[in-house]
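Values quoted throughout were computed directly from the atomic coordinates according to the rules given, and no laboratory measurement underlies them. Only a predicted model underlies this, so the values are computations on that prediction, with no experimental measurement involved. Don't worry about glycine lacking a Cβ; one is built from the backbone with ideal geometry, like all the others, and counts go over all protein chains shown.
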Amino acid sequence: MDPIYLDHNATTPVDTQVVDAMIPYMSQNFGNASSVHNFGRDAKVALENAREIVASHINCEPTELYFTSGGTESDNIAILGTAEKYKHKKNHLMVGATEHHAVLETAEYLHKKNGFELDVIPVDKDGFISADSINELITDKTFLTSIMLANNETGTIQNLIPLVGAVQTKRALFHTDAVQAIGKIKVDVKELGVDLLSLTAHKIYGPKGIGALFVKQGVRLEPLFYGGSHEKKRRPGTENIAGAVGLAKTLEIAQSRMEADHKLLTELSDYFILKVQSVLPDVYLNGPKENRIPQTVNLSFQGAEGESLLLGLDLKGIAVSSGSACTSGATEPSHVLQAMGIDKVISQGAIRFSMGRSTTKEQLDYVISVLPEVVNRLRELSPIYNK
Ligand SMILES: Cc1ncc(COP(=O)(O)O)c(C=O)c1O
């Protein structure tokens, strides 16, 4: 069997329609959008057209959308940019305990190196945050709260609306990292009420190195870079026209397939969870059964260590992730599972299977057929698993 890729939350192949849309902007239409001549004007038209498409996907004005290099940069601009702007009046920020490192480490940097007060908002056993937790921590000094829309490790979809309400009542800003939600579920900034939102293309069959930050009209922030008037001086640097065109095309395709993909991935993941639990004992689903991005299946195999499982599956031609892809190699159990209160030993046996458009039932059946051998070999070697 061909190699099986079950790591779509780490990244995805670029859709060939997206590649086709991008190629002209790397060859004949290569102009710099800041140039006043014909080449530049064509590039500018393509850039603004892409901005309109991306803006309409999240229901914001094109003037509220800034292209960036991806989720990490958007998260950094949102957090550092507002901190810089508000620091003389407010010095407290809050982030969810299960955020991606792009948010957590940026907030910790502000706290440890710049004297900001930081609170990490606890989550329940499925990764959900309550408005009560926010009310307990928020103060008149809070300038920003950052809580992700969908979690990269467990797929938990946060019910943001009451959380946004709790934060904005205190006249603080709300940022959400929607990197794992965009293109997979409806993301409407007006419905959610958020002030800032990060997105990226490469998790949904778009190119790497392009993303965007939504900044609601009236929200103030300082740029991280200086040296040009691109993106209204909020993100200077010659624009990535091909990337922006690719992001727009990616979202158009995602929109047209969203319902069908969601249905298929729900069926596949329900089937997979049930089957794995029927062929192996002591397998636990991390995260909720409902309100989850269906392509994300995070399972703990008690008595088997995640990294060893990953390598065992890799030898069988199956690509998965243990913990978050960006941190794999770290020996500590995932901070997401720890924040959810999952026992350390169980967390250490966690594997993230993230499915995608190319995933088939046959592929999953193959994974299900090899899992017992890989898991049982590790369980036999385990000093703590003796069932
Ligand atoms: C939730 C989340 N936020 C941010 C990022 C970083 O996005 P990018 O790779 O576009 O910088 C990722 C990527 O793993 C992610 O899953």
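Quick look at the values:
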{"read-out": "Least to most buried among SER146, SER133, SER300, SER35 (fewest other Cβ within 10 Å first)", "value": "SER35, SER133, SER300, SER146"}
{"read-out": "Footprinting exposure proxy for THR359, THR296 (fewest neighbouring C-beta atoms within 10 Å first)", "value": "THR359, THR296"}
{"read-out": "For region 16-252, size of Cβ-based charge dipole, Lys and Arg +1, Asp and Glu -1, in debye", "value": "640 debye"}
{"read-out": "Angle between the chain longest axis and helix 241-279 axis [Cα atoms, degrees, rounded to 10]", "value": "20 degrees"}
{"read-out": "Nonlocal amide H pairs with ILE185, under 5 Å, H built at 1.01 Å", "value": "none"}
{"read-out": "Virtual spin-label span in nm between GLU259 and GLU61, 7 Å along Cα→Cβ", "value": "3.2 nm"}
{"read-out": "Per-residue HN-Hα couplings for region 371-381 [Karplus 6.51, -1.76, 1.60; θ = phi - 60°; Hz; x = Gly/Pro]", "value": "4, x, 4, 5, 5, 5, 4, 6, 5, 5, 7"}
{"read-out": "Among MET26, MET340, MET94: highest mean-square fluctuation, GNM of the chain, C-alpha pairs under 10 Å", "value": "MET26"}
{"read-out": "For region 155-263, size of Cβ-based charge dipole, Lys and Arg +1, Asp and Glu -1, in debye", "value": "160 debye"}
{"read-out": "q = 0.08, 0.12 Å⁻¹, the chain: log10 I(q)/I(0) [Debye, one scatterer per Cα]", "value": "-0.43, -0.93"}
{"read-out": "Label point distance in nm, THR139-LYS344, each placed 7 Å from Cα along Cα→Cβ", "value": "3.1 nm"}
{"read-out": "At R0 = 41 Å, FRET efficiency that the Cβ-Cβ distance of LYS87 and THR11 yields, to 0.05", "value": "0.75"}
{"read-out": "Of every Cα-Cα pair in region 236-387, the percent that sits beyond 18 Å", "value": "62 percent"}
{"read-out": "Given charges at beta-carbon only (K, R positive; D, E negative), |dipole| of region 256-387 in Debye", "value": "100 debye"}
{"read-out": "LEU118, LEU192 arranged by Cβ crowding within 10 Å, fewest neighbours leading", "value": "LEU118, LEU192"}
{"read-out": "Calculated FRET efficiency for the pair GLU380/SER229, C-beta based, R₀ 51 Å, to 0.05", "value": "0.20"}
{"read-out": "Rounded tilt (10° steps) of 38-58 against the dominant C-alpha axis of the chain", "value": "50 degrees"}
{"read-out": "Cα-based reach from LYS112 at 26 Å (exclusive), listing lysines while leaving out same-chain residues under 8 positions away", "value": "LYS85, LYS87, LYS89, LYS90, LYS141, LYS170"}
{"read-out": "Helix-derived mean residue ellipticity, 222 nm - over the chain, DSSP H n ≥ 4, -39500 (n - 2.57), to 500", "value": "-13000 deg cm²/dmol"}
{"read-out": "Using alpha-carbon coordinates, inclination of helix 71-86 to the longest axis of the chain, degrees", "value": "50 degrees"}
